[in-house]
Amino acid sequence: ITDPAYIGSASGTLVVSAPIIPVTVTLGGLTQTYDGTPRVVTATTVPAGVTVAVTYGGSANAPTAVGSYAILATVTEPGHSGSANGTLVVSQASASVTLGALGQTYDGTPRVVTATTTPSGLPVAVTYDGSATAPVDVGSYAIAATITDPNYSGSAAGTLIVSQATASVTLGALSQTYDGTPRVVTATTTPPGLPVAVTYDGSTTAPSGIGSYSVVAVISDPSYTGATNGTLVVGPAAATVTLGCWSQVYDGTTRVVTATTTPPGLPVAVTYDGSATAPTEIGSYSVVATVTDPNYTGSASGTLVISDNVLPATVVLGGLNQTYDGTSRVVTATTIPAGLAVSVTYDGSPIPPIGVGSYAVVATVTDPGYTGTSAGTLVVAPGTA
């Protein structure tokens, strides 16, 4: 201060500044796709070439991961002023998924499909008919595989087919003997214990009679497939034949041997020197007896001997004294042993007399194998008038 009545002073610095130039900032590259590298936006200026500082959500480091980031671009060059803001959107990159092992065979464990990605190693969520649990049973399952990495998107669909496993069937007891009950074959499986449907000549009923039967065994388990076939042969059972009446006496009739069987009652065909006709005449005959029941086999053989051995018999005459009555006067002839056939003659005639008189009676045994005779006199006295 220069006034004589005052005193005072002050000091400072005069700054003469350059004029501030407004700058227009334009952002670019705000929409990008993840590729694992920093996603940098561009900032161009008008006038061109002005230095700009860019921040991403407040950080100077450009982001790498998928997401949305607030962008602020600020002019940092002296004498210039300007800024711009926007949003950087980093989208998921596309990845491919390839499904594998879509055709599998049942083995009792979960049937898991494979899912490989490009780029490799990305995590994938797989569902089977909508479930995250892999199936075990035979069937067809809709597969959906989706990449779960936050930086990638991609999916694939397909169908998992779990086929029946192959099992083997072994038949047993294919050779059996008739016993009157159904003849059932055995069917064992590998793996063991699988259900098997067996047919005999196309029928589910096991046969009882002898014969050959076409056997087909098919596994009926829904998780396994397998079949086999063979032939069941049911052979005849053994039967015994016992022959009797080997020694017989000629009597003019056919001499038949007896044939009994075990089990009893089986039909038997008997031949005598090869003929089905039993012999009559004295002699020796080769006998063969064969069971003819279709379910049994058995035979026996021997020799039938027909001899002329004749046994003595006693004849007792009765009714030797009779009275005339105008009818035939017949004597009686009884035998020991009883019941033998006897021929009686009267004075040499087989016709009994009627008239009064005396008649020489001869009674002779005619039964084969026996001999015997007796003689007497039939006296026919006059009747009383």
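The values are calculated or read from the model by the stated rules, or taken from the named source; none is laboratory data. Since this is a predicted model, take the numbers as computed values, not measurements. Backbone-built Cβ (ideal geometry, glycine too); neighbour counts: all protein chains shown. Ligands, DNA and RNA are excluded from the accessible area calculation, which covers all protein heavy atoms including side chains. Shrake-Rupley method; radii C 1.70, N 1.55, O 1.52, S 1.80 Å.
Using a probe radius of 1.4 Å on heavy atoms only, what accessible surface per residue do you get for region 256-376? Whole Å² is fine.
Numbers: 6390 Å² over 121 residues.
On a per-residue basis, region 256-376 sits at 53 Å².
All distinct Cα pairs of region 247-286 go into the 1/r average, and the inverse of that average, the Kirkwood radius, is 11.4 Å.
Given a 1.4 Å probe and the protein chains as shown, residue 336 ends up with an accessible area of around 110 Å². Just so you know, the Cα atoms of region 155-271 work out to an Rg and Dmax of 25.8, 108 Å. Couplings for region 188-194, taken from phi via the Karplus curve 6.51 cos²θ - 1.76 cosθ + 1.60 with θ = phi - 60°, read 10, 10, 10, x, x, x, 6 Hz in order; Gly and Pro are left as x. Of all the options 310, 330, 41, the one that moves most in a Gaussian network model of the chain with Cα springs shorter than 10 angstrom is 330. Kirkwood Rh, the chain, all Cα pairs: how many Å? Hydrodynamic radius (Kirkwood, Cα pairs) of the chain is 35.7 Å.
Solvent exposure of region 195-243, expressed per residue, is 46 Å² of accessible area, with all protein chains present and a 1.4 angstrom probe.
Placing one equal scatterer on every Cα of region 254-328 and applying the Debye formula, the log10 ratio I(q)/I(0) at q = 0.13, 0.18, 0.19, 0.20 Å⁻¹ is -0.56, -0.79, -0.85, -0.90. Full extension of the chain segment joining residue 51 with residue 157 gains 33.1 nm, where the gain is 0.36 nm per residue of separation less the Cα-Cα distance. Taking each residue as 0.36 nm, the span from residue 301 to residue 240 lengthens on full extension beyond its C-alpha to C-alpha distance by 20.8 nm.
Once the piece of chain linking residue 341 and residue 316 is laid out straight, how much longer is it, given 0.36 nm per residue of separation minus the C-alpha distance between them? Don't skip to the end; give the middle numbers.
Details: separation 25, 0.36 × 25 = 9.00 nm, distance 1.27 nm.
Extra length available between residue 341 and residue 316 comes to 7.7 nm.
Taken along its three principal axes, the alpha carbon spread of region 21-94 comes to 44, 19, 17 Å, from the longest extent down to the shortest. Annotation: residue 128 carries an accessible surface of approximately 20 Å², with a 1.4 Å probe and no ligand, DNA or RNA atoms counted. Estimated at the nearest 10 Å², the accessible area of residue 362 is 60 Å² with a 1.4 Å probe. What the phi angles of region 50-64 give under the Karplus curve with 6.51, -1.76 and 1.60, with θ = phi - 60°, is a coupling list of 6, 6, 10, 9, 10, 10, 10, x, x, 10, 7, 8, 5, x, 10 Hz, glycine and proline written as x. Distance between the modelled labels on residue 208 and residue 112, one decimal in nanometres: 5.8 nm (7 Å Cα→Cβ projection).
With the alpha-carbon atoms of region 153-193 aligned to their principal axes, the span from lowest to highest coordinate is 74, 16, 13 Å, starting with the largest.
Of all the accessible heavy-atom surface of region 90-243, with the other protein chains kept in place and a 1.4 Å probe, what percent is carbon and sulfur? Please report the intermediate quantities before stating the final value.
Working: 4100 of 7640 Å².
It is 54 percent, rounded to a whole number.
For residue 200, the residues 5 or more places off, or on other chains, whose built amide H falls under 5 Å of its own are 205.
Here the accessible area is traced with a 1.4 Å probe on the protein chains. For region 283-334, carbon and sulfur cover 51 percent of it. Across region 131-204 the C-alpha pair distances fall into 5 Å bins from zero in the proportions 3, 10, 13, 13, 10, 9, 8, 7, 7, 6, 5, 4, 3, 2, 1, 0 percent. Placing +1 on the Cβ of every Lys and Arg and -1 on the Cβ of every Asp and Glu, with no other charges, gives the chain a dipole of roughly 420 debye about its Cα centre.
How large is the translational diffusion coefficient of region 116-162 in µm² per second when you combine the Kirkwood radius over alpha carbon pairs with Stokes-Einstein at 25 °C and 0.890 mPa s? Please list the in-between numbers first.
Values: Rh = 11.4 Å.
Stokes-Einstein gives a translational diffusion coefficient of 215 µm²/s.
Taken over the C-alpha atoms, region 50-142 has Rg and Dmax values of 24.6, 79 angstrom. Amide H to amide H distances under 5 Å link residue 96 with 118, where only residues 5 or more positions off or on other chains count and H is placed in the peptide plane. Using the alpha-carbon positions of region 254-385, Rg (one decimal) and Dmax (whole number) come out as 23.9, 78 Å.
Evaluating 6.51 cos²θ - 1.76 cosθ + 1.60 at θ = phi - 60° for every residue in region 67-82, the Karplus couplings come out as x, 10, 10, 6, 9, 10, 10, 10, 5, 10, 7, x, x, 10, 9, x Hz, glycine and proline recorded as x. Among 125, 276, 48, which one shows the highest mean-square fluctuation when the chain is modelled as a Gaussian network with alpha-carbon springs under 10 Å? Result for the chain, Cα springs under 10 Å: 48 fluctuates most.
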